1. In region 323-356, what count of residues is obtained for those that are outside any helix (DSSP H, G or I) and of a type outside the set (A, V, I, L, M)?
2. Does region 200-208 contain any residue that is open to solvent by less than 60 Å² (accessible area, probe 1.4 Å), within 30 Å of residue 143 (Cβ to Cβ), out of contact with any Lys or Arg (no Cβ under 7 Å at 6 or more places or on another chain) and not acidic (Asp, Glu)?
3. Hey, can you tell me all the residues within region 352-386 that are of a type outside the set (S, T, N, Q), crowded, with 17+ Cβ neighbours inside 10 Å and under 23 Å from residue 286 (Cβ atoms)?
4. Name, by its number, the condition in (1) within 20 Å of residue 94 (Cα to Cα); (2) surrounded by fewer than 24 Cβ atoms within 10 Å (Cβ to Cβ) that does not hold for residue 283.
5. Determine whether region 298-305 contains at least one residue that is assigned to a helix (DSSP H, G or I), open to solvent by 20 Å² or more (accessible area, probe 1.4 Å) and over 23 Å from residue 346 (Cβ atoms).
6. Looking only at residues in region 342-351 that are in contact (Cβ under 8 Å) with a residue 24 or more places away in the chain and more than 11 Å from residue 394 (Cβ to Cβ), which one is surrounded by the fewest Cβ atoms within 10 Å (Cβ to Cβ)?
7. Among the candidates 249, 268, 293, 284, which residue alone is among the small types (Gly, Ala, Ser) and over 30 Å from residue 202 (Cβ atoms)?
8. Looking at region 270-285, I want the residues that are more than 12 Å from residue 319 (Cβ to Cβ) and have a partner that is assigned to a loop (DSSP other than H, G, I, E, B) and acidic (Asp, Glu) with Cβ atoms under 6 Å, at least 6 apart or on another chain. Which pairs are those?
Amino acid sequence: KRIKDFVQSRDPEMGTPVNTTELSGKDNMASLIVPDDFRCPISLDLMKDPVIVATGQTYERGCIERWLEAGHDTCPKTQQKLPNKSLTPNYVLRSLIAQWCEANGMEPPKRAAQHHNAPASCTAAEHSNVVELLQKLLSQNLEDQREAAGMLRQLAKRSPENRACIGDAGAIPILVSLLSITDVSTQEHVVTALLNLSIYEENKARIITSGAVPGVVHVLKRGSMEARENSAATLFSLSLVDENKITIGASGAIPALVLLLSNGSQRGKRDAATALFNLCIYQGNKGKAVRAGLIPVLLGLVTETESGMMDEALAILAILSSHPEGKTAISSANAIPMLVGVIRNGSARNKENAAAVLVHLCNGEQQQQHLAEAQEQGIVTLLEELAKSGTDRGKRKAIQLLERMNRFLMQQSQAQAQAEAMAQAHAHAQSQAQVQALNEAQSQVEMQVEQLLLPTTSHLSDRRDG
């Protein structure tokens with residue numbers, strides 16, 4: 001859950017790349033602040049091969065192995081007793097660390113040469129059992145297929161060794177061929193078996209090369225609710241490999257995921273949201289998601305507090321708002337009041353994502369309009385508070401918005417002062433014109449009076465005659 005939270009809050013613009021021609025790798029590392037989630041709790045160094053222990057905590061493989069070899073049976077961070085000493089590779093975190101390193105001009109950390117993550121080979125009896133199950137899968141008997149698919153599903157769930165053994169035995173192409181089967185139970189077992197197998201990294205490539213994505217999308221569109229849920233989870237698992245994001249995005253999966261997010265079960269909505277978030281990290285999938293109608297669905301989940309999906313919806317909105325089509329769709333939905341409301345009353349994580357959306361909206365052609373609307377909603381005080389007490393990312397977004405808001409208010413004040421000056425000048429000119437008109441009228445009256453008072457020629461003539 002902690003890694004998922006980190007993924008959903010990740011700023012798409014993760015820092016400014018460093019000039020690698022001037023800095024060596026070590027100097028570069030020294031000049032950067034490594035996120036706490038990327039550090040091993042034992043060594044405090046950037047993790048190269050993060051693994052998850054039974055308590056859910058993540059450590060550098062070498063560090064936790066030395067801890068366990070020393071005879072400890074507790075989790076170093078929580079002090080809880082470990083029910084087992086299995087180590088599960090944290091592929092999500094490893095991918096995020098690699099992306100962060102690349103974004104900051106660093107070489108991603110290299111894992112040790114030894115294959116620590118390779119599970120032990122299965123025994124001859126276990127291999128024989130898997131082969132027997134595959135033979136049942138290939139039979140034309142529906143009962144045998146259903147039973148075998150269910151058994152493989154359970155085996156793949158239990159351990160990394162089983163997942164490796166089943167993959168090595170050639171089960172994946174057979175399972176993929178059964179994705180379009182009409183029997184509901186068998187289809188559920190098959191897609192869930194593929195989900196469990198995909199947790200093992202080598203199986204991800206096998207699933208993709210077997211052409212599984214169209215079949216998984218078929219189940220996502222037409223399967224039972226449980227099958228749809230596990231199809232969405234399978235797509236998320238496969239999309240942890242970056243190149244698979246492109247393949248899945250081109251398969252028609254995104255509209256089906258949007259539909260599941262809109263009308264699925266609560267679990268289905270969460271699986272769909274997680275898959276959509278991960279797929280939309282790839283820029284080429286953002287437009288497809290917007291055109292599939294994702295924005296209105298997300299805004300609905302934000303406003304419907306009883307949905308319990310506000311966190312996921314805002315995280316995806318923050319990603320889509322960086323795309324021109326996404327920004328246009330959010331603007332058209334008049335989302336500013338809702339986003340300001342989240343910054344006013346939301347959780348710390350939701351506040352930062354709402355601020356991230358507003359940063360993108362308040363930039364470009366409609367910047368003045370959006371800033372004016374946000375100001376009317378009383379955002380300035382909220383941003384000042386977020387800049388002081390928000391998360392690190394929330395503070396950055398709040399400061400960006402405050403800078404834009406201050407420029408907008410200054411421009412607005414200057415424009416108002418200029419308008420007032422022009423109005424005063426216009427009023428003064430009108431006043432002068434009125435005075436001049438009055439003066440001219442008065443002059444004309446005086447001239448008329450003078451003409452009336454002058455004696456006529458006939459009057460003068462009469463006076464001479466008298």
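1. Here is the first cut: in region 323-356, the residues outside any helix (DSSP H, G or I) are 323, 333-335, 346-347.
Then drop every residue that is not of a type outside the set (A, V, I, L, M), which leaves 323, 334, 346-347.
Count: 4.
2. yes
3. Selection gives 352, 354, 355, 356, 357, 358, 359, 360, 361, 362, 370.
4. (1)
5. No, every residue in region 298-305 fails to be assigned to a helix (DSSP H, G or I), open to solvent by 20 Å² or more (accessible area, probe 1.4 Å) and over 23 Å from residue 346 (Cβ atoms).
6. 344
7. Working: 249 fails: over 30 Å from residue 202 (Cβ atoms); 268 fails: over 30 Å from residue 202 (Cβ atoms); 284 fails: over 30 Å from residue 202 (Cβ atoms).
Just a single option satisfies the conditions, and that option is 293.
8. Note: no pairs meet the criteria.
The values are calculated or read from the model by the stated rules, or taken from the named source; none is laboratory data. For clarity, every value in this text was computed on a predicted model and none was experimentally measured. Neighbour counts run over all protein chains shown; Cβ positions are idealised from the backbone, glycine included. These accessible areas exclude ligands, DNA and RNA; they are computed on the full protein's heavy atoms, side chains included. Shrake-Rupley method; radii C 1.70, N 1.55, O 1.52, S 1.80 Å.
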